[in-house]
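Chemist: The structure is given below, and queries will be raised subsequently.
The values are calculated or read from the model by the stated rules, or taken from the named source; none is laboratory data. Predicted model only: the values in this text are computed from it and were never measured. In this analysis, Cβ positions are derived from the backbone assuming ideal geometry, glycine residues included, and neighbour counts consider all displayed protein chains. What goes into the accessible areas is simple: the full protein's heavy atoms, side chains included, and nothing from ligands, DNA or RNA. Shrake-Rupley method; radii C 1.70, N 1.55, O 1.52, S 1.80 Å.
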Amino acid sequence: MTSRSFAFVAGLTPALVVGWLGFPRLLYKRVEQPLSFSHKVHTGEKGGMACADCHALGPDGRFTGIPRLEKCAGCHAQPIGTTADEKRFVDDYLNKGQEVPWLVYSRQPDNVHFPHAVHIGKKVPCERCHGPHGTTDTLRAWQVNRISGYSRDIWGPRITRAFRRPWEGMKMNDCIRCHAERGQSSSCLACHK
Amino acid sequence: MRLSFTRRDVLFAATGSAAGLVLSPVPWKLLGDSAIWTQRSRFAPETLRGDITTRFSACTLCPAGCALRARCVGMPAVPVSLTGVAGHPVTHGALCPTGFALHHLMRHPLRLTGPAQIARRKGGVEATSRMADAVIASVADAVRSARTAAKVPLAVLDLRPGRMASLECRRPLAGIPGALHVVPASREASTFEAMRIRLEGAEGAVGPLGIDLDKPRTIVSFGAPLREGWGTPGTVPVLVTRQNQGSLRLVQIEAHRSPTAECADRWLPIRPGTEAAVALGLAHVLVTDGLVAPEVARRARDLDASFRTFVAPFEPSAAERISGIPASALRSLAHEMAEGSSLAIGSGAPGTEPLGPEEESAIAALNLLLGNAGPNGSVVGRHELPSPTLEGSLATEVPLTELADGSVGVLVIDGMAETVSWTLIASKLAKTATVVSLSPWLTGLSLHASWAVPSPAPLELLAEVLPPAGAPVASWGLALPLVAPPENAMAPAVFLSRLATALGNTAPAPEGAEALLKRRAAAIVAAGRGKVFVPGGALMAVADAGGPNGLYEKLSEGGAWIDDPLSTPTPLLRFTLLPPTHQEVASLAAVATLGRPERQGDAGAFLEPEGYVGATGAAPEPTILGKLGRESLLRATGAARRSTPVAIREV
Amino acid sequence: MKSAKKLVDGETHRYGMVIDLDRCTGCGACMVACAVENNVPPGDPAANERTGISWLRVYRMNDGQPLPETRTAFVPVPCQQCGAKTPCVSVCPQNAVEIDRSSGIVGQIPVRCLGCRYCMAACPYHARSFNWWDPAWPAGMKESLNPDVSTRTRGVVEKCNFCFHRLQAARAKAAAAGSREESPGDYLPACVEACPTSAFLFGDLDDPTSDVAKAAEGKGTFRLLEKLGTDPKVIYRSARPWIRQMADGALPRNGKEEHRG
């Protein structure tokens, strides 16, 4: 190897390492959720609940998102289990009447209008966009893009966005692709407010 | 191999790094993300997220008290938009432009969020934040020293009397020696009293007078902002429909081309301040051409003698000389009024002072002569709003005009300026008087105060909605608080109670608005009259509302109580006309001949006050209303609005 | 007036409004309700009638007679939602303006806009506004922004879209109830809802049973600058002939006109 190509590679390699491995870590800030929460316990055999039992549509068709305290209090007015986080939930939030500041992985930017009612009604299962989130046992750290302020789930977990599974990535392109596959409107106003 | 780096190697390494970065996501992702960053909240704020709820309240900015449906977001709920309540029996779902931005007013830059000392400096006023206790102690000191220095040591001017909250303010005052509860003179009452008109039904004197806008075929308005929501914005659709059908002609007699004058079927521009001359000119035609309603002519035997003498100088030609309206137009207008059902109403135009009692009397005389206040007329009586009796002693209520000049030591102003001018208030103050304002904003009368203790703004406090001015039947509604008031804001009753304590009186703690309003609900249920409106539902009888608590609940969900019309819809008219030598009549004659003295400009040009005050009194204008003026020219702000054809001709 | 035929393929609705100018009192409630609903910021202190932002402007016009016989009329002008030759769509280099096929509404996507203002020059109705300043709300007022409409930054164009977010809400409500079609009563733009005198009628112009379609065919209807062939979906109605003449610029201009734009 000539010293020239050696120098070239010596410059290239760290840049690639920094670019592919270091940069994503630097770009995204990791924030832990306020409490640990097991979807698995709720949706598994023990809980036996469906997504819509907690994440429901309101009477006006508006998606209510993460349930509020009173929904949780329906079962957890007193700790049912033995975990420390459940006790913390009851002591720090429920008894103080303070909502849990959950961080939403799939939060879309302010200019996006995503009506859950329209999509669920057309037989798009929750898993199509949210993946196996309903069966996870712990909540992974929420990652936020330091520049754009978007949740990492919008871009998707892989920085290349290559070979991604259907639910990995919630960018506009992902929406458009699904709309095109199903012959749905791709008008700007259909999704932007 | 000897390791040696040449400059060339370093360059190659740098090229390699650059190539590596280009082949990595760094530049591409940075480019995309920074593009997004430029669109983000740093430059344009993000909206709140949360549950959307609908809540009901009412706008208490002006006495119209329009019912509101508020769309709120988040928890605690913040109102994000307001609309009227469809089908509401009083407001018909209408709101004025200010009403749509009422939720912005709580955050207005002129909002006072806590007690303050107000100092007048060159070029404006300055408010310095003070502790509530310190303000109350200073005011108490002022009251103490005023006990010897002034005839009335403490007076509380209630700009919107008749509310339960007014009663609650009179309780702590009762314990303070010499303290008075002062109210502005009721214009309706004074007008008709000046003319010695009383409507009497089978049960005796009827309550306040209202106007049935469905009846008149011709409305002659002396500057009343009819198409701008006079009384309540809910009257506008009624008028528009009737005008378009051709069943109503609106004649606007006004100095400047107001929005109502623009929408009127005929606009008669007059010289400013000559409304009384026009009214008496019309009366002259009615009397001399024999157009007086037969019933009135029969009852008023002295009409031919004394009234004819009184209006004799106001021949149409004389009225033309004074006011600028052609005599022929005046004559034909009088004939038109006498032909069918008609109505004359007077009121100051928005942004101007209201008409004086003399002018109102002259306008009321027209209604009297035409029989509009008699059977089948459009001036109707209505029941009083049922009121509970309160135990315990209350401070005496005195009309402002009856206070001796220079007699008030400490004046507390409860509310915003609506109809009372500072000139009148100032004439009642002693030389060293202290003025305390309880207005939520540093505007209007509070600019004259030395202390301000802000009360909660509309949408921040529980209040009641009384019948709007000119309503043909009584009504009642509730204005529920939608947001919490600023921590240091204080309801007037609380302030007065604390002031009484500071003065060494053990005032009872305020009962609280909810308990008081429930008493009114009980009084209404006990009276048994009227219907209850619930949004989206049919009117139900009061008896079916579920008692006082049921009524209160329905009203807090956007409902309203609306009274039945008087059981004797055709009250008997009893009146006497005052002789021309009477003092009030003499002053009317003087005003009619000369115009209101303060309105006479030397050069003949007439300047309207700046701004569009409208029905909302002295509350600040929401900043978004700039869309109507500066940003669209819809509300002309230039000379076009403030000068009149007559004035221009004279200049 | 004949309703123009559908010009965009696949349109399922053609939302439009009929504005009765004889009922408009020029109070401005629609403008304020519109600004509040769509998070339009209060104007910068330096803003005037040309540089301020209004999605809906009420113009005052008169018949040119001398005072005091002058007749005044008020003309609310939102985006006319042109159905054909849509001037703004054809000039936009960014595809930030397009006709939504499901509703016929002309949409403007501010985040896509690069601020060249071709569309403003092209629009014959002055229905578009440019953000000359950063949006600024008085302290604490940001909380009272409508969550259904995103705010815009300086440097982009914005305009009326018939409160499209309300159509979205109506569709979501219908979808939750298992229907694909929004029910007509659920979708009214803010100005229509706000008008105290009910001067606005709103609905699907292609639905022959709707009040708005019937009113659009009624007597005394006209559209602004109809000769341009833009096929607006905002239809005006007045019994007064001089107003109808004004709509096509047929009235002689005499310098006394109060309307500017």
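Chemist: Which residue out of B:160, B:144, B:121, B:171 is modelled with pLDDT of 90 or more and basic (Lys, Arg)?
Modeler: Checking each option against the conditions leaves just B:144.
Chemist: Can you name the residue in region B:65-109 that is more than 12 Å from chain C (Cβ to nearest Cβ) and more than 28 Å from residue A:99 (Cβ to Cβ) and, of all such residues, is most open to solvent (accessible area, probe 1.4 Å)?
Modeler: Selected residue: B:87.
Chemist: Now for a different question. For region A:110-118, indicate whether the set of residues that are closer than 30 Å to residue C:151 by Cβ, among the acidic types (Asp, Glu) and open to solvent by 50 Å² or more (accessible area, probe 1.4 Å) is non-empty.
Modeler: No - not one qualifying residue is present in region A:110-118.
Chemist: Also, quick follow-up: If you take just the strands (runs of 3 or more DSSP E) that sit entirely in region C:33-131, which of them hold at least 2 residues that are away from every other protein chain (no Cβ under 11 Å) and either in contact with a Cys (Cβ under 9 Å, 6 or more places away or on another chain) or not small (Gly, Ala, Ser) (or both)?
Modeler: C:128-130
Per-residue answers, yes or no, for (1) surrounded by fewer than 21 Cβ atoms within 10 Å (Cβ to Cβ); (2) without any contact (Cβ under 8 Å) to a residue 40 or more places away in the chain:
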residue: B:407; (1), (2): yes, no
residue: B:411; (1), (2): no, no
residue: B:415; (1), (2): no, no
residue: B:424; (1), (2): yes, yes
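Chemist: Here's another thing I want to ask about it. Considering each residue of region B:453-500, count those that are assigned to a loop (DSSP other than H, G, I, E, B) and either small (Gly, Ala, Ser) or within 17 Å of residue B:89 (Cβ to Cβ) (or both), and give that number.
Modeler: Here the count works out to 14.
Chemist: Wholly within region B:501-594, which helices (runs of 4 or more DSSP H) include no fewer than the required count, namely at least 2 residues that are at pLDDT below 85 and hydroxyl-bearing (Ser, Thr, Tyr)?
Modeler: B:583-594
Chemist: Can you pull out every residue in region C:132-152 that is surrounded by fewer than 19 Cβ atoms within 10 Å (Cβ to Cβ) and either assigned to a strand (DSSP E or B) or facing chain A (nearest Cβ under 9 Å) (or both)?
Modeler: None - no residue of region C:132-152 is surrounded by fewer than 19 Cβ atoms within 10 Å (Cβ to Cβ) and either assigned to a strand (DSSP E or B) or facing chain A (nearest Cβ under 9 Å) (or both), so the list stays empty.
Chemist: Give me the pairs, please: first residue somewhere in region C:153-181 and at the interface with chain A (Cβ under 10 Å from one of its Cβ atoms), second residue anywhere and at pLDDT below 95 and open to solvent by 40 Å² or more (accessible area, probe 1.4 Å), beta-carbon distance under 6 Å, and either six or more positions apart or on two chains.
Modeler: Partner pairs satisfying both residue conditions: C:165/A:193; C:168/A:113; C:170/C:186; C:173/A:60; C:173/C:186; C:175/A:121; C:176/A:57.
Chemist: From A:144, A:104, A:90, A:100, grab the single residue that is free of Cβ contacts under 8 Å to residues at least 40 places away in the same chain, within 21 Å of residue A:32 (Cα to Cα) and not charged (D, E, K, R).
Modeler: Just a single option satisfies the conditions, and that option is A:90.
Chemist: Looking only at region B:262-269, decide whether some residue is buried (at least 24 other Cβ atoms within 10 Å of the Cβ) and part of a helix (DSSP H, G or I).
Modeler: The answer is yes; a qualifying residue exists.
Chemist: Right, here's the next one. Could you give every pair whose Cβ atoms fall below 9 Å, whose first residue belongs to region B:502-530 and is among the acidic types (Asp, Glu), and whose second residue is outside any helix (DSSP H, G or I) and at pLDDT 90 or above, counting only separations of at least 6 or pairs across chains?
Modeler: Matching pairs, first to second residue: B:514/B:462.
Chemist: Moving on to the next point. Please go through region A:147-169 and give me each residue that is touching a residue at least 40 places away in the same chain (Cβ under 8 Å) and away from chain B (no Cβ under 14 Å), ordered by number.
Modeler: A:153, A:167 - these are the residues of region A:147-169 that are touching a residue at least 40 places away in the same chain (Cβ under 8 Å) and away from chain B (no Cβ under 14 Å).
Chemist: Okay, moving on. Out of the residues in region C:193-217 meeting the condition of being of a type in the set (Gly, Ala, Ser), assigned to a loop (DSSP other than H, G, I, E, B) and on the phi < 0 side of the Ramachandran plot, tell me which one is farthest from the other protein chains (Cβ to nearest Cβ).
Modeler: Selected residue: C:210.
Chemist: What are the residues in region B:236-261 that are open to solvent by 20 Å² or more (accessible area, probe 1.4 Å) and in contact with a helix residue (DSSP H, G or I) (Cβ under 6 Å, 6 or more places away or on another chain), if any?
Modeler: B:259, the sole residue that qualifies.
Chemist: Identify, by number, the condition in (1) out of contact with any strand residue (DSSP E or B) (no Cβ under 7 Å at 6 or more places or on another chain); (2) buried (at least 23 other Cβ atoms within 10 Å of the Cβ) that residue C:104 doesn't meet.
Modeler: Against the list (1) out of contact with any strand residue (DSSP E or B) (no Cβ under 7 Å at 6 or more places or on another chain); (2) buried (at least 23 other Cβ atoms within 10 Å of the Cβ), residue C:104 comes up short only on (1).
Chemist: Please verify whether residue A:186 is assigned to a loop (DSSP other than H, G, I, E, B) and touching a His at 6+ places or on another chain (Cβ under 8 Å), treating the condition exactly as stated.
Modeler: It is true that residue A:186 is assigned to a loop (DSSP other than H, G, I, E, B) and touching a His at 6+ places or on another chain (Cβ under 8 Å).
Chemist: Here's a follow-up. Does residue B:48 satisfy the criteria of being among the hydrophobic types (A, V, I, L, M, F, W, C), modelled with pLDDT under 85 and surrounded by 14 or more Cβ atoms within 10 Å (Cβ to Cβ)?
Modeler: yes
Chemist: Return the pair list, or none, for Cβ contacts closer than 9 Å from residues in region B:253-269 that are within 20 Å of residue B:359 (Cα to Cα) to residues that are open to solvent by less than 10 Å² (accessible area, probe 1.4 Å) and of a type in the set (Phe, Trp, Tyr), at least 6 apart or on different chains.
Modeler: Taking only residues 6 or more apart or on different chains, the pairs are B:253/B:222; B:254/B:222.
Chemist: Further question on the same structure: Restricting region B:372-405 to residues that are among the β-branched types (Val, Ile, Thr) and over 30 Å from residue B:446 (Cα atoms), which is surrounded by the most Cβ atoms within 10 Å (Cβ to Cβ)?
Modeler: B:379
Chemist: Output the residues belonging to region C:166-192 that are outside any loop (DSSP other than H, G, I, E, B) and either of a type in the set (A, V, I, L, M) or surrounded by fewer than 20 Cβ atoms within 10 Å (Cβ to Cβ) (or both).
Modeler: C:167, C:169, C:170, C:172, C:174, C:175, C:176, C:184, C:185, C:186, C:190, C:192
Chemist: Ok, one more. Select, from B:311, B:287, B:292, the only residue that is surrounded by 16 or more Cβ atoms within 10 Å (Cβ to Cβ), at pLDDT below 85 and over 28 Å from residue B:62 (Cβ atoms).
Modeler: Going through B:311, B:287, B:292 in turn, just one is surrounded by 16 or more Cβ atoms within 10 Å (Cβ to Cβ), at pLDDT below 85 and over 28 Å from residue B:62 (Cβ atoms): B:311.
Chemist: Here's something else I'd like to know. Determine if region A:179-186 includes at least one residue that is modelled with pLDDT of 90 or more and within 14 Å of chain C (Cβ to nearest Cβ).
Modeler: yes
Chemist: To continue, here is another question. Checking residue A:100 against (1) within 14 Å of chain C (Cβ to nearest Cβ); (2) on the phi < 0 side of the Ramachandran plot: exactly one of these is not met. Which one?
Modeler: (1)
Chemist: Any idea which of (1) open to solvent by less than 20 Å² (accessible area, probe 1.4 Å); (2) part of a loop (DSSP other than H, G, I, E, B); (3) more than 8 Å from chain B (Cβ to nearest Cβ) is the one residue C:26 doesn't satisfy?
Modeler: (3)
Chemist: Which of the helices (runs of 4 or more DSSP H) found entirely inside region A:1-96 contain at least 3 residues meeting this: within 13 Å of chain B (Cβ to nearest Cβ) and more than 27 Å from residue A:147 (Cα to Cα)?
Modeler: Those helices (runs of 4 or more DSSP H) span A:3-17, A:69-76.
Chemist: Find the residue count for region B:218-235, including only residues that are open to solvent by less than 10 Å² (accessible area, probe 1.4 Å) and part of a helix (DSSP H, G or I).
Modeler: 1
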